[in-house]
Amino acid sequence: DARVTQTPRHKVTEMGQEVTMRCQPILGHNTVFWYRQTMMQGLELLAYFRNRAPLDDSGMPKDRFSAEMPDATLATLKIQPSEPRDSAVYFCASGPTEADTQYFGPGTRLTVL
Amino acid sequence: QKEVEQNSGPLSVPEGAIASLNCTYSDRGSQSFFWYRQYSGKSPELIMFIYSNGDKEDGRFTAQLNKASQYVSLLIRDSQPSDSATYLCAVNGGGSNYKLTFGKGTLLTVNP
């Protein structure tokens with residue numbers, strides 16, 4: 001049963017600390033998406049990759065956020081320095097192509113104190 | 001700014017009734033439309049997708065698309081308490097814009 005995996009599932013940190021979230025997309029999927037979900041804003045796209053190349057990161061605050069795909073089995077989202085307003089659930093999703101269904105991982109619940 | 005609008009609810013229906021969830025979108029060039037279900041504390045999971053005008057049925061679920069009115073809906077027949085969740089409408093842009101834009105979701109409660 002192929003699934004997207006994310007680590008950690010929960011993260012509590014203090015303001016100013018670096019946070020790294022990891023995602024393993026479904027094998028064979030060539031698109032990877034990072035989303036952030038809050039009660040106020042709902043689900044927002046932060047960045048997405050096709051064949052490991054970043055295609056769109058316009059939804060991401062670039063002064064503190066960065067997203068990479070070091071290899072086909074790993075995508076990372078980093079926040080440095082973290083701020084309380086970054087508290088949210090961060091989802092990774094993957095899909096065979098951009099136009100296809102996206103399959104979501106379980107999410108990382110981030111709390112920045 | 002492409003927008004996807006949903007009534008936040010909560011929408012409350014009795015068990016066995018039909019639940020109707022609605023969604024409108026602003027980008028007339030949108031090509032693909034998705035309905036995701038999200039249980040509290042869980043990740044979104046796909047229920048259905050629809051690309052063409054008209055109805056698409058899958059078990060108790062029917063998606064309806066009207067591109068002229070920029071409207072997509074999800075009907076759930078014989079609603080069950082296990083259908084209680086937030087339903088997210090997502091729209092994929094046309095052309096080379098493949099980003100999914102999500103609505104904020106409608107909370108559905110099915111009462112036994």
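All of the numbers you see were taken from the coordinates with simple rules; none came from a lab. All values derive from a computational prediction rather than experimental measurement. All Cβ positions, glycine included, derive from the backbone under ideal geometry; neighbour counts span all protein chains shown.
Roughly how crowded by other chains is peptide A:30-37, in terms of the mean Cβ count from those chains within 10 Å of each of its Cβ atoms?
Across the residues of A:30-37, the mean count of other-chain Cβ atoms within 10 Å is 2.
With chain A treated as a Gaussian network of Cα nodes joined by springs under 10 Å, which of A:L46, A:L77, A:L55 yields the largest mean-square fluctuation?
A:L55
Could you pull out every residue, at least 5 positions away or on a different chain, whose amide H is within less than 5 Å of the one on A:D100? Hs are placed 1.01 Å off N in the peptide plane, and Pro or chain starts have none.
none
Given the options B:Y51, B:Q80, A:N51, identify the residue whose Cα lies farthest towards the positive end of the charge dipole of the protein assembly as shown (+1 on Cβ of Lys, Arg; -1 on Cβ of Asp, Glu).
The one lying farthest along the dipole's positive direction is A:N51.
Between rounded, prolate and oblate, where does chain A land on the alpha carbon gyration tensor, with a ≥ b ≥ c its root eigenvalues, rounded for a/c under 1.5, else prolate if a/b exceeds b/c?
prolate
Just to be sure I understand: with springs between alpha-carbon atoms less than 10 Å apart, which residue in A:A67, A:A53, A:A75 has the highest mean-square fluctuation in the Gaussian network model of chain A?
A:A53
Whole-Hz Karplus ³J(HN,Hα) for the stretch B:28-35, in order, using 6.51 cos²θ - 1.76 cosθ + 1.60 and θ = phi - 60°, x for Gly and Pro?
Couplings: 5, x, 4, 10, 10, 9, 10, 10 Hz.
Taking the Cα centre of chain A as the origin, how large is its charge dipole in debye, to the nearest 20, when only Lys and Arg (+1) and Asp and Glu (-1) carry charge on their Cβ atoms?
Charge dipole, chain A, about its Cα centre: 220 debye, nearest 20.
Any idea which of A:S82, B:C23, A:A93 is furthest toward the positive side of the dipole for the protein assembly as shown, if Lys and Arg beta-carbons carry +1 and Asp and Glu beta-carbons -1?
A:S82
Starting from the Cα gyration tensor of the stretch B:36-112, take the square roots of the eigenvalues, sort them a ≥ b ≥ c, and report rounded, prolate or oblate (rounded when a/c is under 1.5, otherwise prolate if a/b is larger than b/c, else oblate).
Verdict is oblate for the stretch B:36-112.
Quick one: which residues, 5 or more positions from A:D56 or on another chain, have an amide H under 5 Å from its amide H? H modelled 1.01 Å from N in the peptide plane, none for Pro or chain starts.
A:Y48
What are the ³J(HN,Hα) couplings of the stretch B:48-57, residue after residue, when phi is run through the Karplus curve with 6.51, -1.76, 1.60 and θ = phi - 60°? Round to Hz, x for glycine and proline.
Per residue, the Karplus-derived 3J(HN,Hα) values read 8, 10, 8, 10, 10, 4, x, 10, 9, 10 Hz.
Dipole size in debye (nearest 20) for the protein assembly as shown around its Cα centre, Lys and Arg Cβ +1, Asp and Glu Cβ -1?
The calculated dipole for the protein assembly as shown is roughly 180 debye.
Per-residue HN-Hα couplings for the stretch B:66-81, Karplus 6.51 cos²θ - 1.76 cosθ + 1.60 at θ = phi - 60°, whole Hz, x for Gly and Pro?
After applying 6.51 cos²θ - 1.76 cosθ + 1.60, I find 10, 5, 5, 8, 6, 9, 9, 9, 10, 10, 10, 8, 6, 4, 10, x Hz.
Which distance in Å, rounded to a whole number, links the C-alpha centroids of the stretch A:49-76 and the stretch B:1-60?
Taking the Cα centre of the stretch B:1-60 as reference, the centre of the stretch A:49-76 is 28 Å away.
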